[in-house]
Every structure is written in C-alpha cells, then in structure tokens.
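Only one structure is covered here, and it is reproduced in the block below.
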Amino acid sequence: MPKKNSRYPLDYNPSNFNDDGTAKVPVLLWIALIYLSRHLLLVIIAGLNGLQGLKRGGDKISASFDIVSQLSSGPLFLIASIPAFAVLIALFVRLHSKSAVTRKIFTHGRWLAAGSALADIAFMVFQWQSDQAPLNELFLIRVLLDFYAAWYLLRSARVRTTFSHQPTQIDR
C-alpha cells in the first residue's frame, strides 16, 4: 500500500490498485463518464441498431434515429459529449496504449470530462432560455446530474489520483 504523500493523498486499500500498480478506475467515474457521453452513445447505439435494421427490412433505421433525435436534443449536445466519450475510450485502453494522443487525453481527462458536463449545462440553459425546452422535472434532474458529475470530477481525490497516475507502457 502506498504511503501517504503528495502523489497519493489518501491511504488506499491494496485492492484499489491493479497488478501493475495503477489505480483502478472507480465505478462512479465510469458511471459519470457514461452519463456525460450519453448523447454520442445513443447515436452509436442507434446506428448499430440501424445496421441490424438493414438486414431486416429498413424500417428500424428511421425509428432508431427518431428516438435518438427526441432524446439527444440536437447537435450541440453531441459536441458536448465528445470530450467525455474520448476520456471514456482513453480509460478503456489506458494500460495497453502506446499512443501519445491517448496519453494526452488521459492526462487531461478530469478537466475534459468536467468541461463536457459544464458545456451540457450551458446548452440546456440556452435551450431553456430560447424556449426550446420546457422547465420541468426532467430538465432539472439533468441539470443537477450534470452539476454533480462536474463537482465529482473536480473535487474527488480518488478521481484526481486516477488521472494523475499515468500507467507505464506495457510491451505485450
């Protein structure tokens, strides 16, 4: 178990580390990143569903993209999801990647994901101010979830440790 120092501000249990000594990604961080990339993930899932629809006749394609357009609320939200999706991918491949781009995304991942949450909030407020979205319970829940995600990403010592400890390159 690492000693208490500037690199590891808290005493962590050895089970919080992988076999190679890198900090495991907390479950709440995975959930926050999936939530923040939801708009882009919905488009990807609808696209995959549309490919299935091509095999079965094609009616599923338009139905899939209609559902996504109702849930996604526009291209601005897709743009806001891109940084969080990039961080999500970087966390998946962080131990096995030798790419400088992946390492750069991983190094700045906490700020990229928090920026994604704040951009999502800004776009929701813009929609509400321009009367494109009603101020209802769903709107308020989405804003609160985005605020919580941004707060968690910026304030959690465990998230800070996860992103500050760059895994060593592994030759496999």
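One table, with the values for the structure above:
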read-out	value
FRET efficiency, 1/(1 + (r/R0)^6) with R0 22 Å, evaluated for Val27 and Phe139 via beta carbons	0.25
Full-extension gain in nm, Phe147 to Trp128, via 0.36 nm per residue minus C-alpha separation	5.2 nm
Under 5 Å, built H, 5+ apart or other chain: amide partners of Phe17	Lys24
Extension gain, Ser15 back to Arg103 (0.36 nm per residue minus Cα-Cα distance, nm)	29.3 nm
Stretch gain in nm, segment Val93-Ile45, where the contour uses 0.36 nm per residue and the Cα spacing is subtracted	15.2 nm
Share of pairwise Cα separations in the range 85-157, more than 20 Å, in percent	43
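Each value in this text was obtained by applying a stated rule to the coordinates, not by laboratory testing. What you see is a predicted model; the values in this text were computed from it and never measured. Note that we place each Cβ from the backbone using ideal geometry, even for glycine, and neighbour counts take in every protein chain shown.
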